[in-house]
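The values are calculated or read from the model by the stated rules, or taken from the named source; none is laboratory data. If you're wondering where the values come from, they're calculated on a predicted model, not measured in any experiment. FYI the Cβ positions are ideal-geometry reconstructions off the backbone, even for glycines, and counts take in every protein chain you see.
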Amino acid sequence: MTQSLMSPSVLRKDVSLRNSINYQGRKAARAKSEQRRRLILEAALRIVAREGIRGVKHRAIAREAGVPLASTTYYFKDISELITDAFMLFAENSQRKFELFYGELHRCVSKYDLDAVQGDRALRQQLADDLIDLGVRYVQAQVRFRRDELLSEQAFLLESLRDESLKVLARKYRAVWYAGLVDLLRSLKAPSPETDAEIVMGMVTNLVYNGLLHEAEIQEDILRSIWRRMIHVLLNL
């Protein structure tokens, strides 16, 4: 029987971001008010992607969101609270993307009997090829279609090194990726799942950074060879 990875629809509760998402600003009592509050936070995310955290100012946010300046100070007592809640919204959006990614990973791996894979080199090579294809597509999609989100992510994670209010969520954000990879690598009987998960995360971060640095001009043959090296090590090929 095929060994299970994590559920394709939801992440395990202990690696979910949802319990860590706690908005700090004034709560909206009406739907229209909630819509305006969200417009402000979405505007903040766009500014963070363009200018970094330093660009988050009440006047700039109000202009970007198309709302009165008084609205930003009504919902958020200061810039720190606005930045924190923008990160909360970013994390909330990311949770859905985590679930989609691990759902795709689950579908890829669940086609195989992982016990049989261990004793069949040809089958192991077939699984490796599927994982390599998935890894290549993932990095390409990140640098081509998620540039603003990646820039926001890096800005928030860097700010969390200075801001204690962001640090807890930043740790949880990273832990979701890490725990999902550890689950996968354990199911694949990787030599050292915890260490290997850290290596994979570092590799992907570097690949995505280089893709952004070169404006998505990332050579597929190089990208594929890097993934092939990594997956072959993990699957003992």
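Looking at segment 198-237, which of the residues that are over 19 Å from the mean Cα position of the chain (by Cα) and outside any helix (DSSP H, G or I) is modelled with the lowest pLDDT? Explain how you work it out, then say what you get.
Step one: filter segment 198-237 for residues over 19 Å from the mean Cα position of the chain (by Cα), giving 214-215, 217-226, 228-237.
From what is left, the residues that are outside any helix (DSSP H, G or I) are 214-215, 217-219, 235-237.
On the way: H214: 83, E215: 76, E217: 73, I218: 76, Q219: 83, L235: 89, N236: 85, L237: 81.
Selected residue: E217.
Which pairs do you get when a residue that is within 13 Å of L234 (Cα to Cα), found in segment 111-125, comes within reach of a residue that is polar (S, T, N, Q) and surrounded by 12 or more Cβ atoms within 10 Å (Cβ to Cβ), reach meaning Cβ atoms under 8 angstrom, with the pair 6+ apart or on two chains?
Taking only residues 6 or more apart or on different chains, the pairs are R124/Q118; R124/N236.
Within the set of pairs 6 or more residues apart or between chains, which connect a residue that is surrounded by fewer than 15 Cβ atoms within 10 Å (Cβ to Cβ) and among the aliphatic types (A, V, I, L, M) inside segment 192-215 to a residue that is part of a helix (DSSP H, G or I) and modelled with pLDDT under 90 with Cβ atoms less than 7 Å apart?
Pairs that qualify, where the first residue is surrounded by fewer than 15 Cβ atoms within 10 Å (Cβ to Cβ) and among the aliphatic types (A, V, I, L, M) and the partner is part of a helix (DSSP H, G or I) and modelled with pLDDT under 90, are M201/W177; M201/Y178; M201/L181.
For A170, indicate whether it is under 13 Å from the mean Cα position of the chain (by Cα) and in a helix (DSSP H, G or I). Write out each step before concluding.
On the way: under 13 Å from the mean Cα position of the chain (by Cα): yes; in a helix (DSSP H, G or I): yes.
Here the answer is yes, as A170 does meet what is asked.
Is there a residue in segment 197-209 that is on the phi > 0 side of the Ramachandran plot and either assigned by TED's automatic domain parsing to the domain that holds Q95 or touching a strand residue (DSSP E or B) at 6+ places or on another chain (Cβ under 6 Å) (or both)?
Start the filter on segment 197-209 by keeping residues that are on the phi > 0 side of the Ramachandran plot, which leaves none.
There is no residue in segment 197-209 that is on the phi > 0 side of the Ramachandran plot and either assigned by TED's automatic domain parsing to the domain that holds Q95 or touching a strand residue (DSSP E or B) at 6+ places or on another chain (Cβ under 6 Å) (or both).
Residues that are basic (K, R) and either closer than 22 Å to K189 by Cα or out of contact with any helix residue (DSSP H, G or I) (no Cβ under 7 Å at 6 or more places or on another chain) (or both): list the helices (runs of 4 or more DSSP H) wholly contained in segment 69-155 that include at least 3 such residues. Spell out how you get there, then give the answer.
Working: elements: 69-75, 79-109, 114-119, 121-145.
Passing ranges, in order: 79-109, 121-145.
Taking the options L127, L134, name whichever one is in the same structural domain as I231 (by TED's automatic domain parsing), within 18 Å of the chain's Cα centre (by Cα), modelled with pLDDT of 90 or more and buried (at least 16 other Cβ atoms within 10 Å of the Cβ).
Values: L127 fails: within 18 Å of the chain's Cα centre (by Cα).
Result: L134 is the single residue among L127, L134 that is in the same structural domain as I231 (by TED's automatic domain parsing), within 18 Å of the chain's Cα centre (by Cα), modelled with pLDDT of 90 or more and buried (at least 16 other Cβ atoms within 10 Å of the Cβ).
Scan segment 182-191 residue by residue and report those that are crowded, with 16+ Cβ neighbours inside 10 Å and either assigned by TED's automatic domain parsing to the domain that holds A49 or not in a helix (DSSP H, G or I) (or both).
L188, A190
In segment 59-74, what residues are buried (at least 21 other Cβ atoms within 10 Å of the Cβ) and either under 28 Å from R174 (Cβ atoms) or of a type in the set (V, I, T) (or both)? Steps first, please.
Residues of segment 59-74 buried (at least 21 other Cβ atoms within 10 Å of the Cβ): 61, 65, 72.
Selection gives I61, T72.
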